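The values are calculated or read from the model by the stated rules, or taken from the named source; none is laboratory data. Here the structure is a predicted model, which means the values were calculated and not measured. For neighbour counting, all protein chains shown are included, and Cβ atoms are generated from backbone atoms with ideal geometry for every residue, glycine included. For the accessible areas, the whole protein counts, side chains as well, though only heavy atoms, and no ligand, DNA or RNA atoms are used. Shrake-Rupley method; radii C 1.70, N 1.55, O 1.52, S 1.80 Å.
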Amino acid sequence: MVVLKPRTATPDLTIDTLKGSWSLAQQAPENFTMVVVYRGLHCPICKNYLRELSRLADDFSAKGVDILVLSSDTEERAAQASSEWEIENLTMGYGLTAEQSQAWGLHRSAGRGITSIGIEEPSEFTEPGLFLIRPDHTLYWSNISTMPFARPHFKEVLGAIEFAVSNNYPARGELV
């Protein structure tokens, strides 16, 4: 399994979104691109998590952060999540492949049937991750999980971004 190191170039990421094709190589944010990987339509925790992000999207934009959320879901499931979760203001990617997930050091799981909200899990899907990527496409910070719960709170991420930018705080965790 790949472990991405801060201060190193991130893997290429080109993905389809509900708003068209998206490529990390073409991103030029003021401070960071934030890539948020969620489990998919079947995940009730993802719904609440992304709704919070949606409410804070303007705050992230004001801090110079562009946002992409993505999953292994199909276009149809991503569109359903975007609409039903009322998060249309977020750029929602879909079709994250096993190879892309592995290149980013993300964990994958096998589906286990119907979830607590009555939606079937896909046969395979990617577990959550959050990445802050500098405009030069190097990794600044990441958080990778094997479970749907205990993810970084977006208000805390906003505060951390403000501190990091204001203090020119370096990316940490770069040693092997």
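About the Cα centre, and with charges only on the beta carbon of Lys, Arg (+1) and Asp, Glu (-1), how big is the dipole of the chain? Nearest 20 debye, please.
Here the size comes out at about 520 debye.
Roughly how many Å² of Lys19 are accessible to a 1.4 Å probe, to the nearest 10?
120
Under 5 Å between amide hydrogens, which residues at least 5 positions from Leu70 or on another chain qualify, with H placed 1.01 Å from N in the peptide plane?
Val36, Val37, Tyr38, Gly93
Can you give me the pair-distance distribution of region 98-176, C-alpha pairs, 5 Å bins, whole percents?
Values per bin, smallest distances first: 3, 12, 17, 21, 17, 13, 8, 6, 3, 0.
For Met1 and Asp59, compute 0.36 nm times the residue count separating them, minus their Cα-Cα distance, and round to one decimal in nm.
17.5 nm
Express the Stokes-Einstein translational diffusion coefficient of region 17-96 in µm² s⁻¹, to the nearest whole number, given a Kirkwood radius over alpha-carbon pairs, 4 °C and a viscosity of 1.567 mPa s.
Translational D for this selection: 102 µm²/s.
Helix-only mean residue ellipticity at 222 nm, the chain, DSSP H runs n ≥ 4 weighted -39,500 (n - 2.57), per residue, nearest 500. What is it?
Using -39500 (n - 2.57) per qualifying helix, the result is -8500 deg cm²/dmol.
Once both axes come from the Cα atoms, what is the angle between helix 75-84 and the longest principal axis of the chain, in degrees from 0 to 90, rounded to 10?
80
If Rh is defined by the Kirkwood formula over all Cα pairs and Rg also comes from Cα, what ratio Rg/Rh do you get for region 17-57?
Value, to two decimals: 1.01.
Using each residue's phi in region 152-167, evaluate 6.51 cos²θ - 1.76 cosθ + 1.60 at θ = phi - 60° and report the 3J(HN,Hα) Karplus result to the nearest Hz, with x for Gly and Pro.
Taking θ as phi minus 60°, the curve returns x, 7, 5, 5, 5, 4, 4, x, 5, 5, 4, 4, 4, 5, 4, 10 Hz for region 152-167.
With θ set to phi - 60°, apply the Karplus curve 6.51 cos²θ - 1.76 cosθ + 1.60 along region 131-140 and write out the HN-Hα couplings as whole Hz, x wherever there is a Gly or Pro.
10, 9, 10, 5, x, 7, 6, 9, 6, 9
Would you mind calculating the relative contact order of region 1-143 from Cα pairs under 8 angstrom and at least 6 residues apart, reporting the percent as a whole number?
35
Got a sec to turn the phi values of region 57-67 into Karplus ³J(HN,Hα) couplings, 6.51 cos²θ - 1.76 cosθ + 1.60 with θ = phi - 60°, whole Hz, x for Gly and Pro?
For region 57-67, the Karplus curve yields 4, 5, 5, 5, 4, 5, 8, x, 10, 8, 10 Hz.
Bin by bin, in steps of 5 Å, what percent of the Cα pairs in region 20-176 do you find, going until the bin that has the longest distance?
2, 9, 19, 23, 21, 15, 7, 4, 1, 0
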